[in-house]
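A quick write-up on the structure given underneath.
The values are calculated or read from the model by the stated rules, or taken from the named source; none is laboratory data. This structure is a prediction, so every number in the text was calculated from the model and none was measured. Every residue, glycine as well, gets a Cβ built from its backbone with ideal geometry; the counts of neighbours run over all protein chains shown. Each accessible area value is taken on the protein alone, full model and side chains, heavy atoms only, with ligands, DNA and RNA left out. Shrake-Rupley method; radii C 1.70, N 1.55, O 1.52, S 1.80 Å.
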Amino acid sequence: MLTVAVLISGTGSNLRALLEAASDPSYPARVVVVGADRMAEGLQHAADFGVPSFTVPFREFASREEWGAELADQLRAWQPDLIVLSGLMRLLPRDVVAEFAPNIINTHPAYLPEFPGAHGVRDALAAGAEQTGASVILVDDGVDTGPILAQERVPVFPGDTEDSLHDRIKPVERRLLIDVVRRVATGELDLSHPA
Ligand code: GAR
């Protein structure tokens with residue numbers, strides 16, 4: 001059974017979808033802990049599923065490195081096989097990536113390498129793109145630059161707002177994330193040698 005730690009910043013709807021998938025006994029992974037960089041709304045999903053959670057508030061640390069060191073301490077205590085960044089809106093410090101790589105993946109609401117960064121949906125709309133997408137990638141030291149593990153196109157419709165487009169992307173992200181975690185758990189996908 002693959003053990004998974006999920007890190008969030010916001011509403012955690014993708015986290016909830018993974019918790020639901022993992023509550024099926026035939027799914028080969030379990031979420032063992034949820035962490036956040038603030039008192040995120042999505043921590044409630046962990047409570048709903050009886051999964052422990054922790055918060056390492058970014059704003060209480062003098063530097064990203066100190067925040068990352070505490071985050072790494074918390075993660076280490078759970079010894080997860082895989083860390084999923086599911087809407088964590090912070091860059092992990094280099095030391096944290098180095099310690100846990102290649103077992104860190106990230107979901108992103110765009111068809112990378114198009115529209116990386118914190119505003120993938122807004123940037124696609126601002127660029128007038130006719131299609132965008134969803135991606136699941138390996139985390140490296142860059143901003144959404146790691147190898148792509150799964151991705152799918154999502155159309156942009158005339159009149160779309162950031163919210164309406166994001167609402168169309170998220171179900172695709174969830175499906176990709178659940179499938180990538182499943183493939184890692186079964187050994188079908190080797191994060192040390194992603195194809
Ligand atoms: C998701 O769309 C995720 O891809 C995005 O934040 C959203 C979180 O939604 N992450 C990024 O943009 C990271 N660059 P959720 O909290 O409802 O799961």
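Annotations
- Selection of region 55-69 for residues being more than 19 Å from the chain's Cα centre (by Cα) and surrounded by fewer than 15 Cβ atoms within 10 Å (Cβ to Cβ) yields R59, E60, A62, S63, E65, E66.
- Residues that are within 12 Å of the ligand (Cβ to nearest atom), farther than 24 Å from S192 by Cβ and either surrounded by 13 or more Cβ atoms within 10 Å (Cβ to Cβ) or under 13 Å from the mean Cα position of the chain (by Cα) (or both), drawn from region 139-172: V154, E162, L165, H166, D167, R168, I169, K170, P171, V172
- Extreme residue, farthest from the ligand (Cβ to nearest atom), among residues of region 101-124 that are part of a helix (DSSP H, G or I) and crowded, with 19+ Cβ neighbours inside 10 Å: A124
- Residue, least open to solvent (accessible area, probe 1.4 Å), within region 25-54, restricted to residues that are hydroxyl-bearing (S, T, Y) and in contact with a helix residue (DSSP H, G or I) (Cβ under 7 Å, 6 or more places away or on another chain): Y27
- Test: E20 is surrounded by 12 or more Cβ atoms within 10 Å (Cβ to Cβ), of a type in the set (D, E, K, R) and within 16 Å of the ligand (Cβ to nearest atom): yes
- Hey, L75 away from the ligand (no atom under 15 Å from the Cβ), surrounded by 15 or more Cβ atoms within 10 Å (Cβ to Cβ) and in contact (Cβ under 8 Å) with a residue 60 or more places away in the chain or not: yes
- Test: residue in region 66-73 that is of a type outside the set (D, E, K, R) and closer than 22 Å to V181 by Cα: yes
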